[in-house]
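A short write-up of the structure that comes next.
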Amino acid sequence: MKVTAYVHSMLGFTLIELLVVVTVIGILATMAIANFSRMRSNAKRAACIAQQRGVLEAAYNYTIDFDPADGQMNVSVLHGAGFVPQGLCECPESPIEDFDDYRIVWQDDIPIDVDCLVKGDDHPWEP
């Protein structure tokens, strides 16, 4: 009788064991979700900076064909002139697809900077 009772208790789990397993799984899931959110945000930031570089290259090409005045210009002007595709006009973190999320700054007829208008402080870069 004692042998069968011992074998029977080995087949099941106690409530404490189940609670410990569920708690450990919950902690691991929380850490995974936090890491995923941070990595997703970093990826969007890197994509925005890469798009700013692409917009600056397109602005140089725009300068060859046109003579823009010093000051600022929205990326939608480059898109309208055919120098930038729609996908390059939109910050990955923008909630609205309006294709005007970047501002180009010209000085002495040369584009010197591209700013993200959606999250400019979070997406800085040096041209």
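Readers should treat all values here as calculations from the given coordinates under stated rules, not as data from a laboratory. The shown structure was predicted, so the numbers you read here are calculated from the model rather than taken from an experiment. Using ideal geometry, Cβ is built from the backbone for each residue, glycine included, and neighbour counts are taken over all protein chains shown.
For the chain, the alpha-carbon radius of gyration amounts to 1.97 times the rule-of-thumb value 2.2 N^0.38 Å expected for a compact globular protein.
Our estimate of slack between ASP100 and ILE25, defined as 0.36 nm per intervening residue step minus the Cα-Cα distance, is 22.6 nm. Using C-alpha pairs below 8 Å separated by at least 6 residues, the relative contact order for the chain is 23 percent. Please identify the chymotrypsin sites (Phe, Trp or Tyr not before Pro) of region 9-94 that satisfy two criteria: DSSP loop assignment and at most 16 other Cβ atoms within 10 Å. Which are they? Listed in order of number, the matching sites are PHE13, PHE66.
Using the Karplus relation 6.51 cos²θ - 1.76 cosθ + 1.60 with θ = phi - 60°, the per-residue 3J(HN,Hα) values for region 84-96 come to 9, x, 4, x, 7, 8, 10, 5, x, 9, 6, x, 10 Hz, with x marking Gly and Pro.
Annotation: amide H of TRP106 within the under-5 Å range of GLY71, GLN72, MET73, ILE112, sequence separation 5 or more or interchain, hydrogens built in the peptide plane. Here the chain is treated with +1 on each Lys and Arg Cβ and -1 on each Asp and Glu Cβ, and its dipole about the Cα centre works out to around 1400 debye.
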